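Asks: Before we start, here is the structure in question, set down as structure tokens.
The values are calculated or read from the model by the stated rules, or taken from the named source; none is laboratory data. These numbers were taken from a predicted model, which means no experiment stands behind them. Quick reminder, even Gly has a Cβ in these numbers, built from the backbone with ideal geometry, and neighbours come from all protein chains shown. These area figures cover heavy atoms from the full protein model, side chains too; ligands, DNA and RNA do not enter into them. Shrake-Rupley method; radii C 1.70, N 1.55, O 1.52, S 1.80 Å.
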Amino acid sequence: MTEPLQHLLTESKRRDRSDILFEKRQAFDLPADLVYLDGNSLGPLTLAAKQRIEQVVSKEWGHDLIRSWNTANWIDLPVSVAEKIAPLIGAAPHQVICCDSISVNLFKLLAGALRQCLALTPVRRRIVTTVDNFPTDGYIAQGLADLLSEHDVKVDCVAETDIEQALSDDVAVLLLTEVNFRTGYRFDIQKITALAHQHNILVIWDLAHSAGVMPLSLDEWHVDFAVGCGYKYLNGGPGAPAFMYVAARHQAQFRQPLQGWMGHAKPFDFDATYQPQSGIKQSLAGTPGILSMAALDASLSVFDSVSVNQLYEKAMGLTEWFVELLEAHQLHTQFTNISPRQRAQRGAHVALAHEHAYAICQAWIADNVIADFRAPNILRVGFSPLFLRYEDVYIAVKKLHRIVTQQQYLNAEFNVKQGVT
């Protein structure tokens, strides 16, 4: 090892020693000798979730059975879990509910927001989003527009750079994701929300790559609605329930279309006529998935005694250290970094374009460094601040350097596409 690279290893260890979040790593059940750079896609298992699931399965479900809806308070988990998420997104109580998936919750919010707009101003019929928004957001918007085709509802997809120009008085809803899932580009929520409100446009923010790592102040920024994910930075497990935010000022007018029994004012009266609960709980639909909800509930304990600003600062430190190490190893000549270099414009992952990105990712995984691939040619590297070390980043770059310089990615086994990339 040359002296400069030895210096970088020493510096990595020094940064770890001064990291105020370093001990949080002990809260995770991480495999030995594995560098996990995919917490932005699926957060790792927490010890708290592991213990909680064992308790729910063996005692609450296994022994107490249906009684646990009352004795273990299963029935209130959508609210109690949401109240743990609320401070992470800058929301006062009673504006967040934990349920369903982002796709389902987005349908609820889009439909409710459109209903609200059309009731006030029938000429507002456009949903504006971005061309490179996460596909499910666009799919849901287009599906809703198809359902409402008789009302001439349209979806306009514009470039991220053209958002401000797309805002006009015939737009009903602006649907954006704060951090682009592919490039890591980060919108200024406060600025764009304020600009949209100048045209009386309702704004829905997708926080899938934000909640638990980006500093958010939804109440202060006067955000209307938001959705977010429970299984990425919140570490709730595969398929963990999502959450949705409805600002208190909208709750009296907001109505979502999935009128399931859990959103009824008195679900156990079994009334044949739907009457929504007041407030955020009317956004519930079906019976909550208790196993996944309990896992998320337990995992949120890792955020105890941690501020979102601390998470953000470390996440940015890790991304910047990664880029610095890429340059030190001359890997910046092999990849094109398509993520913004300015901290304020970047989320907690880095996107590297390369012709053989998929195969490189598979070779990296085979060498115990897990990242992911995003079509068409992106090696996506995520930096979850609660468990990642600066030394992990150094180890990952060292292995990436060997894979690229030795062209190990050309091996046939690394070029076989799997079902999930």
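Asks: For Cα pairs less than 8 Å apart in space and 6+ apart in sequence, what is the mean separation divided by the residue count of the stretch 79-238, i.e. the relative contact order in percent?
Replies: 24
Asks: Could I ask something else about it? Rounded to the nearest 20 Debye, what is the dipole magnitude of the stretch 97-171 about its Cα centre when Lys and Arg each give +1 and Asp and Glu each give -1 at the C-beta?
Replies: My answer is approximately 340 debye.
Asks: Which order do the peptides 235-244, 81-90 come out in when sorted by mean C-beta neighbours inside 10 angstrom, highest first?
Replies: Top to bottom by mean Cβ count within 10 Å: 235-244, 81-90.
Asks: Going by amide H atoms built from the backbone, whose H comes under 5 Å of the H on residue 206, apart from near neighbours?
Replies: Residues meeting the criterion, in which the H sits 1.01 Å from N, are 176, 177, 178, 227.
Asks: So which of 191/266; 232/399; 154/232; 154/266; 191/399; 84/314 end up more than 29 Å apart by C-alpha?
Replies: The answer is 191/266; 154/232; 154/266; 191/399.
Asks: Quote to one decimal, in nm, the extra length available between residue 47 and residue 252 on full extension: 0.36 nm per residue of separation minus the C-alpha distance between them.
Replies: Taking 0.36 nm per residue and subtracting the Cα distance, the gain is 69.8 nm.
Asks: Return the carbon/sulfur percentage of the accessible area of the chain, one whole number, probe 1.4 Å, all protein chains in place.
Replies: Heavy-atom surface of the chain belonging to carbon and sulfur, 1.4 Å probe: 53 percent.
Asks: Taking the chain as a Gaussian network, Cα atoms linked when under 10 Å apart, which of 120, 388, 110 shows the biggest mean-square fluctuation?
Replies: Most flexible of the set in this elastic network: 120.
Asks: I've got another one for you. Once R0 is set to 25 Å, what does the formula 1/(1 + (r/R0)^6) return for the Cβ-Cβ distance between residue 58 and residue 287, expressed as a FRET efficiency to the nearest 0.05?
Replies: My answer for the efficiency is 0.75.
Asks: Can you give me the long-range amide H partners of residue 373? Hydrogens built in the peptide plane at 1.01 Å from N, cutoff under 5 Å, separation of 5 or more residues or another chain.
Replies: Correct list: 380.
Asks: Could you give the nm distance between label points at residue 199 and residue 162, where each point is 7 Å from its Cα heading toward the beta carbon?
Replies: For residue 199 paired with residue 162, the spin-label model returns 1.3 nm.
Asks: Now, a different point. So for each of 8-15, 157-164, 211-218, 126-133 I average, over its residues, the number of other beta carbons within 10 Å; can you give me the resulting order with the highest mean first?
Replies: 211-218, 126-133, 8-15, 157-164
Asks: Given contacts defined as C-alpha pairs under 8 Å and at least six residues apart, what's the relative contact order of the chain, whole-number percent?
Replies: Rounded, it is 22 percent for the chain.
Asks: How many Å² of accessible area per residue for the stretch 288-413, probe 1.4 Å?
Replies: 36
Asks: Probe of 1.4 angstrom, ligands and nucleic acids ignored: what's the accessible area per residue over the stretch 1-142, in square angstrom?
Replies: Here the per-residue accessible area is 50 Å².
Asks: Please work out which option in (i) 21.8; (ii) 23.8; (iii) 18.5 gives mean projected area of the Cα convex hull in nm² calculated from these coordinates, and answer with its label.
Replies: Of the labelled values, this structure produces (i).
Asks: Given a 10 angstrom Cα cut-off, can you work out which residue in 142, 198, 282 is the most mobile in a GNM of the chain?
Replies: Of 142, 198, 282, the Gaussian network model singles out 198 as fluctuating most.
Asks: Solvent-accessible area of residue 154, probe 1.4 Å, all protein chains present, reported in Å² to the nearest ten, please.
Replies: 100
Asks: Can you run phi through the Karplus equation (6.51, -1.76, 1.60; θ = phi - 60°) for the stretch 88-99 and list ³J(HN,Hα) in whole Hz, with x for Gly and Pro?
Replies: Those phi angles translate into 6, 10, x, 10, 5, x, 6, 10, 10, 10, 10, 5 Hz.
Asks: If you don't mind, there's one more thing I want to ask. Name the most mobile residue of 195, 234, 207, meaning the one with the largest mean-square fluctuation, in a Gaussian network model of the chain with Cα contacts below 10 Å.
Replies: 195
Asks: Viscosity 1.002 mPa s, temperature 20 °C: give me the Stokes-Einstein translational D for the stretch 49-95 in µm²/s, with Rh taken as the Kirkwood radius over C-alpha pairs.
Replies: Stokes-Einstein gives a translational diffusion coefficient of 180 µm²/s.
Asks: Suppose the chain between residue 333 and residue 20 were pulled fully straight at 0.36 nm per residue; how much longer would it get relative to their current alpha carbon spacing?
Replies: Here the answer is 109.3 nm.
Asks: Any chance you could run the full-extension gain for residue 417 through residue 278? It's 0.36 nm times the residue separation minus the Cα-Cα distance, nm to one decimal.
Replies: Here the segment from residue 417 to residue 278 would lengthen by 45.2 nm.
Asks: Oh, and also: Roughly how many Å² is the accessible area per residue of the stretch 155-222, as a whole number, for a 1.4 Å probe?
Replies: Spelled out: the 1.4 Å probe surface of the stretch 155-222, per residue, equals 35 Å².
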